[in-house]
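The values are calculated or read from the model by the stated rules, or taken from the named source; none is laboratory data. Everything numeric in this text was worked out from a predicted model, so none of it was measured. Virtual Cβ from ideal backbone geometry, glycine too; neighbours counted across all protein chains shown. Ligands, DNA and RNA are excluded from the accessible area calculation, which covers all protein heavy atoms including side chains. Shrake-Rupley method; radii C 1.70, N 1.55, O 1.52, S 1.80 Å.
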Amino acid sequence: MKKLFFAGAIAAAVAALAATRAPESNASTWIIVGAQVADGTGKPLESKSVRISGDEILEVGALEPKPGEKVVSGSGLVLAPGFIDVHNHSEKGLVDDPLAETQISQGITTLVIGADGDSPWPIGDYLEARRKAPATVNVMTMVGHATVRSQVMGEDFKRRATKDEIAKMAALVEQGMREGGSGLSSGLEYDVGSYSSTGELIALSKAAARHGGFYMTHIRDEADKSFKAFQEAVIISHEGSLPLEISHIKLATVGVWGKAKKAVSFFEQRRMLGQDVTADCYPYEAWHSDLYTLVPNKKYYDPASVERGIKDVGGPARVTITACKAHPQYEGRNLEEIAKSENVTPVALFSKIIADGGADVIGHSMKEEDVFEFYKQRWVMVASDGGIHSAHPRGAGTFPRVLGRYVRVRKLLTLEDAIRKMTSLPARRMKLDDRGVIAPGRRADLVLFDPKTVIDHSTFTEPEKLSEGIVMVAVNGQPVWADGKPTGARPGRVLTLSASQPAVPAAPTAVP
Ligand SMILES: [Zn+2]
């Protein structure tokens, strides 16, 4: 690591020297001219030029190219800060495929991994490896609750933790935070996390809060008990004295369909009381998870419970298998189709698949009206819950989908507000003081796109099909995507929380 830092320092010194020796040459700066700038704050578009020097935005305004300066034309295009994806599952993808084509082609310049309670471990080792083999994009990580719980409890996790075990987990959360984590994430619908008590999560939240972190949660129930689970999340954040991010906010069963307004007013009340609550939402009506999540009471072999679970998501035709080790022939088909062809009931089929090792599934169980209602809230940001080589189209399409379908076609959001939800809002949550806004002195993470054509093309059958309309993407001042393909540059960095922001903004006015 030291060696790398020295190399960086030397390169910077050489560049500085070159600049002082040859002031007439402008090879060290480049300029994007004549774009409509959406600066990330939500301010109306303005025609401006942006000059970049090294990894920094040097000037913004009515600028003329200097002799020898590389010029990128922004004519007819929108220039925005790079998109920050606060819920991204590219832990492994960044290792295997650091070019991250599906990510940069949709304008993502920073991604946050370690969501849903699962993070790399040890965090320091993982981040160090990313520094040594950088990706095209910047990376941040959460400290996973299930990850530290497994470290302490091993295979014996199907119970409440003891006081001593919780103390050990808290020490690991602190270690993870010191090694570069941004906060605590939990996945309380999943196996390891679901056995924890609210008290355990409060104790671990306090540990994250001591290092300026926030609490990001896939809540305990995204189905009929959603409101109880929302309540638990705000209690953990309040008792732990740290900000709250509700992951992929949704209402995913028939019993709660149409209740987005009620959910919004619940969180609005907390925000009015000064609690720093935000959420993220992916722009799809279908989720991607494992088959177990369909039956919240975990009685996978009880026909009544399974039947209820399948009914709650709208029926067996709404559940599509994406991966099944024991039965690869099921992949791409829904429970109703498979049950018919196997001459069994969907309930019997469900229990059989669980007995054979389970499967990953897509559940088409959300209502568009609810997704739209969440998107209209100024404290709801865009995040993918996808990542490199995701089996769900959100992995390659989330950001262009919002710009194309929600902004241009449906006119649900203004372009400026959609950009704010992709840039300054997540930057604030991640305490990235120097990103998420186009202004002099900020890091040059930039996206140039065509507002008339930007759109996603990924589907459930072709989840990695690239999006269209993202013209150029720069990370830390270096173009990583241009002319419809990666440039090959991999300037991504490991980012951590900035120290300058307080851990707990007390005043309601500080909440976006
Ligand atoms: Zn999740």
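Couple of notes before you dig in:
- With 18 Å as the limit on Cα-Cα distance, the pairs of Lys70/Lys452; Lys262/Lys431; Lys325/Lys465; Lys225/Lys311 that go past it are Lys70/Lys452; Lys262/Lys431; Lys325/Lys465.
- Using alpha carbons only: equivalent-ellipsoid semi-axes of the chain, gyration tensor based, whole Å: 39, 26, 22
- Mean residue ellipticity (222 nm) of the chain, computed from DSSP H runs ≥ 4 via -39,500 (n - 2.57), nearest 500: -9500 deg cm²/dmol
- Calculated on alpha-carbon atoms, Rg and Dmax of region 113-177 in Å: 13.3, 43
- Checked against a 24 Å cut-off, the cross-linked pairs Lys228/Lys298; Lys163/Lys299; Lys163/Lys206 give Cα-Cα distances beyond that limit for Lys163/Lys299.
- Protection-proxy order for peptides 88-96, 472-480, each taking the mean of Cβ atoms within 10 Å per residue, highest first: 472-480, 88-96
- 0 to 90° range, to nearest 10: angle between helix 226-240 axis and the chain longest Cα axis: 60
- Divide the volume of the convex hull around the Cα atoms of region 415-460 by the residue count and you get 111 Å³ per residue.
- Note on Asp156 and Phe460: their simple-model spin labels are 4.3 nm apart, each label 7 Å out from Cα toward Cβ.
- Against the chain, whose longest principal axis is taken from its Cα atoms, helix 303-312 shows a tilt of about 40°.
- Of all DSSP-defined beta bridges confined to the chain, some 55% are antiparallel rather than parallel.
- Taking all Cα-Cα distances within region 254-368, those exceeding 23 Å account for 37%.
- Difference of contour (0.36 nm per residue) and Cα-Cα distance, Asp433 to Lys340: 28.0 nm
- Nitroxide proxy distance, nm - points 7 Å out along Cα→Cβ at Arg378 and Ile235: 3.1
- Where a label projected 7 Å from the Cα of Lys70 along Cα→Cβ would reach, residues of region 435-467 with amide N under 18 Å: 443-449
- Here region 163-221 is described by how far its Cα atoms reach on the three principal axes: 29, 24, 15 Å, from widest to narrowest.
- Extension gain from Gln269 to Arg333, taking 0.36 nm per residue of separation minus the Cα-Cα distance: 18.8 nm
- Fraction of accessible area attributable to carbon and sulfur, the chain (%, probe 1.4 Å): 55
- Separation in nanometres of the label points that stand 7 Å from Cα toward Cβ, at Arg178 and Glu369: 5.3
- Extension gain from Asp302 to Tyr195, taking 0.36 nm per residue of separation minus the Cα-Cα distance: 36.5 nm
- Rounded to 10°, Cα long-axis angle of helix 346-355 versus longest principal axis of the chain: 70
- Column: log10 I(q)/I(0), Debye, Cα scatterers of region 146-305, q = 0.15, 0.17, 0.18 Å⁻¹: -0.84, -1.05, -1.16
- Order by protection proxy (mean Cβ within 10 Å, highest first), peptides 99-105, 28-34: 99-105, 28-34
- Per residue, the accessible area of the chain comes to 40 Å², computed with a 1.4 Å probe over protein heavy atoms only.
- Here Thr453 and Asp164 are evaluated by their C-beta separation; at R0 = 51 Å the FRET efficiency comes out at 0.30.
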